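These notes concern the structure reproduced below.
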Amino acid sequence: MSTKIWLSSPHMGGSEIQFIQDAFDANWIAPLGPNVDGFEQDLANYLASGSVAALSSGTAALHLALVLAEVGPGDEVLCQSFTFSASANPIRYQQAIPVFVDSEEHTWNMCPDALDEAILDRIAQGKKPKACIVVHLYGMPAQIDRLQAICQHHNIPLIEDAAEALGSTFQGKALGTWGDFGVLSFNGNKIITTSGGGALVCPTPELAQKARFLATQARDAAPHYQHSHVGYNYRMSNIAAGIGRGQMQVLDEWVSRRRAHHTAYQAALPELDWLPEPPEAFSNRWLSCCLFSDFEQREHVRLHLESLNIESRPLWKPMHLQPIFAEYPFYGGRVCSDLFARGLCLPSGSNLSLDDRKRVVDGIQRAIK
């Protein structure tokens, strides 16, 4: 059998090992340390806005964003339905109520019209939402200017889930810096990785410091262990941050390679519908995503690729269709459910070879014909 082609595997640039070796030489193996401080500064410099707290996962970052937004039991939080469950799970961590919102066809992200409808209806019911979580899916910027304006009009904190979107911009401004808080992920399959990890982007150094405080078990400034707040074990390790520092050196190149994969796929398979990129948007094209004519054709292609030892994946199943979230409100139509039924993610890693990409294209063409 041919070698496995993965959807999006880790890709080291080479310099990561030196940062790790420095941590070993200095015996900075525990959480915190010079690499953590350096990685936070590298990210802040790259984003050109905000202050950054490096954490153990993107999910931890989203959870702390909700904590800092003072979301609590019984509060309602608006959330994009078309996303991974990690976007919605932290809402339940806070014993809050998710209210799901449909996508639009231009970016596949949260629909501004459906968001406005949801806010007005919840307010009419006496349940003004406490926060709103927007996701930049597959690295594609949402219509974040419109979504931001709607949230600001209603005085609702906006949390950007940019877990898949480091390196993407909207109107030249980095994703994760438009909202009141931004969330990044460095999971093994992301645009860059720290093996596992994430970061919270805050508008002020004070909020970032509060996030770091909460992420280190909220230990008060005292010679003994004293705690006045509920804390979490969410800080990134110095070893993981060392990997991240090396990955930051190749981030732009990895983005360029993934964008090149998407351009090549689109040129080779013009009969398919592809996730569009609006003129004001720049996507890192974390994953190249396409739509087939219907569910049956999508599954036929996916299974054929599987038989060729090629990994592909259906688009995210919307949260309002998930058993765990089925009881919660949903606003919109059938955009995200249709995307789920017809969409497929193709191998898109920055380390995908040209020969392997050709294998993917040939497999799809044979399956369609």
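The values are calculated or read from the model by the stated rules, or taken from the named source; none is laboratory data. Bear in mind the structure is a predicted one, so any value in this text is a computation, not a measurement. For neighbour counting, all protein chains shown are included, and Cβ atoms are generated from backbone atoms with ideal geometry for every residue, glycine included.
Results, tabulated for the structure shown:
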| read-out | value |
| --- | --- |
| Some residue of segment 34-56 being in a helix (DSSP H, G or I), closer than 30 Å to Pro314 by Cβ and either of a type in the set (Ser, Thr, Tyr) or in the same structural domain as Asn187 (by TED's automatic domain parsing) (or both) | no |
| So Ser348, is it on the phi < 0 side of the Ramachandran plot and buried (at least 21 other Cβ atoms within 10 Å of the Cβ) | yes |
| So Leu166, is it in the same structural domain as Val71 (by TED's automatic domain parsing) and in a helix (DSSP H, G or I) | no |
| Residue check for Met248: surrounded by 15 or more Cβ atoms within 10 Å (Cβ to Cβ) and either of a type in the set (D, E, K, R) or farther than 24 Å from Ser85 by Cβ (or both) | yes |
| Filtered residues of segment 20-47 (kept if under 16 Å from Leu200 (Cβ atoms) and β-branched (Val, Ile, Thr)) | Val36 |
| Which numbered condition Asp338 misses (of (1) out of contact with any helix residue (DSSP H, G or I) (no Cβ under 7 Å at 6 or more places or on another chain); (2) surrounded by fewer than 22 Cβ atoms within 10 Å (Cβ to Cβ); (3) not in a helix (DSSP H, G or I)) | (3) |
| Filtered residues of segment 106-145 (kept if touching a residue at least 24 places away in the same chain (Cβ under 8 Å), farther than 17 Å from Arg285 by Cα and not hydrophobic (A, V, I, L, M, F, W, C)) | Pro112, Asp116, Glu117, Asp121, Arg122, Lys127, Lys128, Pro129, Lys130, Asp145 |
| Pairs, first at positive phi in segment 11-39, second of a type outside the set (Lys, Arg) and outside any helix (DSSP H, G or I), C-beta under 9 Å, six or more apart | Gly14/Gln249; Gly14/Val250; Leu32/Thr216; Leu32/Met236; Leu32/Ser237; Gly33/Ser237 |
| Options Leu200, Leu251, Leu272, Leu287; residue that is in contact with a Leu (Cβ under 6 Å, 6 or more places away or on another chain) and at pLDDT 95 or above | Leu200 |
| Flag if Val71 is of a type outside the set (D, E, K, R), buried (at least 23 other Cβ atoms within 10 Å of the Cβ) and under 15 Å from Leu147 (Cβ atoms) | no |
| Number of positions in segment 203-219 that are in a loop (DSSP other than H, G, I, E, B) and closer than 29 Å to Trp178 by Cβ | 3 |
| Any chance Ala222 is over 18 Å from Asp42 (Cα atoms) and not in a helix (DSSP H, G or I) | yes |
| Among (1) in contact (Cβ under 8 Å) with a residue 40 or more places away in the chain; (2) under 22 Å from the mean Cα position of the chain (by Cα); (3) within 23 Å of Val101 (Cβ to Cβ), the one test that Ser350 misses | (3) |
| Criterion: assigned by TED's automatic domain parsing to the domain that holds His63, surrounded by fewer than 24 Cβ atoms within 10 Å (Cβ to Cβ) and more than 25 Å from Trp254 (Cβ to Cβ) - qualifying residue of Gln226, Gln171 | Gln226 |
| Qualifying residue in segment 2-15 (condition: touching a helix residue (DSSP H, G or I) at 6+ places or on another chain (Cβ under 9 Å) and assigned to a helix (DSSP H, G or I)) | no |
